[in-house]
Amino acid sequence: MANDIVKPENLVYTKTKVLTDNVMHYCPGCGHGTAHRIIAEVIDEMGIQDKTVGVSPVGCSVMAYNYFDVDFQEAAHGRAPAVATAIKRLNPDLFVFTYQGDGDLAAIGTAETIHAANRGENITMVFINNGIYGMTGGQMAPTTLVGMKSATTPYGRRVDLNGYPLRITELLATLPGTYYVTRQSVHTPANVRKAKAAMRKAFENQKLGKGLSFVEIVSSCNSGWKMTPVQANKWMEENMFPNYPLGDIKVDGKIAEGITADRLVVSNPLTVVK
Amino acid sequence: MAFKGQIVIDTEHCKGCGVCLEACPMHCIELSKNVNGKGYNYTHVVNENCIGCASCAIVCPDGVISVYKVKC
C-alpha cells in the first residue's frame with residue numbers, strides 16, 4: 001500500500017529547495033522555522049532566488065543565513081533596515097528583505113525601523129513578535145504584555161514601572177512611507193496560508209516601488225514563556241491576539257477597511273495577562 | 001471525490017514539538033515512545049486515515065514532513 005502512494009508524481013508538499021538542509025537551531029515548536037519556510041516558498045514561487053538578499057538581525061534569528069539558500073548580510077543589532085536601505089538603493093533590481101525579532105526591531109532598532117519606514121524605502125520587513133527576548137533568556141521586551149511574566153518582570157509587567165506594550169506595527173501604519181502593513185501568525189495551517197499570501201504581496205510590492213512593506217508575525221516563545229509548544233500556541237491565541245489583533249492594517253497605501261482611528265492610536269492595552 | 005494520502009517524516013530532523021498533532025484533522029500522527037539521535041520523541045503515523053491535506057507539513061516549523069496524495 002505504502003509504495004503505491006509514495007511516488008514522485010504524487011508529491012504534493014515538501015520542504016522547498018530555497019531552504020538549506022541544515023538543522024535549524026530554534027527550539028522545538030518555534031514559529032521562526034515556519035516563518036523561514038513561508039519566506040523561502042514565496043522566493044521559490046516568484047523565481048527570485050538569485051535576485052534576493054536577506055538581512056539578518058541579532059536575536060534568535062541571528063543565524064538565519066545558515067537556513068536560506070539566498071544571499072544574506074548580517075547587520076549590527078537593530079540596524080537591519082539601514083543595511084537593507086543601502087543594498088536596495090545600490091541594487092534597485094534586487095529583492096531585499098529584513099528578518100527581525102521584537103527586541104531587534106522594536107527596541108534597539110526603533111530609530112532605524114521608523115526612519116526606514118518614513119523614508120518609504122522599497123524593501124520588505126519581516127517582524128517576528130513573541131513578546132519577549134528569547135535568545136538572552138526571556139527578559140521583558142517592549143512588546144511584553146501588561147501582566148506577562150518574564151525573567152526581568154517575575155511578578156508580571158507593570159504599567160507604572162515598565163510602561164505600555166509597544167504596538168509598532170500600528171505605529172508604522174500611520175507613517176506615509178509604508179505601503180503595506182499587516183499582522184499574521186503561523187500557528188495553524190489556515191494562519192500559515194494567510195501569512196504566506198501576505199508575504200507574497202509584501203515581496204510583489206517591491207516591484208511597484210511605492211514604499212515599505214511590513215509583515216508582523218505574532219509567534220510563540222515556548223522556552224521563554226515556560227510552556228510546551230502546544231500550550232504556548234493556545235496562550236498566544238488567548239493573550240497575544242487581543243493585544244495584537246491579526247489582519248491587514250494598511251493595504252496599497254491606505255488604511256485597511258475596519259481599522260478605526262481608535263485602533264491606531266489606542267494608548268491602553270486591551271487586555272491584561274493574569 | 002476521496003483522496004488518500006501518506007506522509008514521510010524525516011524522523012532524524014523532527015524535534016517532537018507536537019504542533020502537527022494538533023493540526024491533523026484525521027488524528028493520524030502521534031509522538032513516538034522512541035527517540036531520535038538528538039533525543040527528541042519524533043512523530044510517527046499511527047493509522048491509515050491520512051487524506052493528504054498537508055496541514056501537518058504546513059505548520060511543521062522544521063519542514064520535516066513530505067506529503068503524497070492520490071485520488072481513489
Tell me yes or no: at least one residue of region B:7-14 is within 7 Å of chain A (Cβ to nearest Cβ) and more than 18 Å from A:PRO189 (Cβ to Cβ).
yes
Need the failing condition index for A:GLY103 against (1) among the small types (Gly, Ala, Ser); (2) modelled with pLDDT under 95; (3) more than 18 Å from A:PHE214 (Cα to Cα), just the number.
(3)
From the residues in region B:1-10 that are over 13 Å from B:SER66 (Cα atoms) and not in a strand (DSSP E or B), which one is modelled with the highest pLDDT?
B:ALA2
Looking only at region B:53-72, how many residues end up being assigned to a loop (DSSP other than H, G, I, E, B), within 7 Å of chain A (Cβ to nearest Cβ) and under 10 Å from the mean Cα position of the chain (by Cα)?
1
Of everything in region B:11-38 that's of a type in the set (Gly, Ala, Ser) and either part of a strand (DSSP E or B) or over 20 Å from A:ASP21 (Cβ atoms) (or both), which residue is farthest from the chain's Cα centre (by Cα)?
B:SER32
Can you pull out the residues in region A:1-49 that are more than 7 Å from every other protein chain (Cβ to nearest Cβ), among the β-branched types (Val, Ile, Thr) and surrounded by fewer than 22 Cβ atoms within 10 Å (Cβ to Cβ)?
A:THR16, A:VAL18, A:THR20, A:ILE48
Every residue in region A:1-32 that is hydrophobic (A, V, I, L, M, F, W, C), within 24 Å of A:ASN129 (Cα to Cα) and touching a Ser or Thr at 6+ places or on another chain (Cβ under 8 Å), please.
A:CYS27, A:CYS30
Which condition from (1) more than 8 Å from every other protein chain (Cβ to nearest Cβ); (2) surrounded by fewer than 15 Cβ atoms within 10 Å (Cβ to Cβ); (3) assigned to a loop (DSSP other than H, G, I, E, B) is the one that B:GLU48 breaks?
(1)
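The values are calculated or read from the model by the stated rules, or taken from the named source; none is laboratory data. Everything numeric in this text was worked out from a predicted model, so none of it was measured. When we count neighbours, we look across all protein chains shown, and the Cβ atoms used for this are built from the backbone with ideal geometry, even at glycine.
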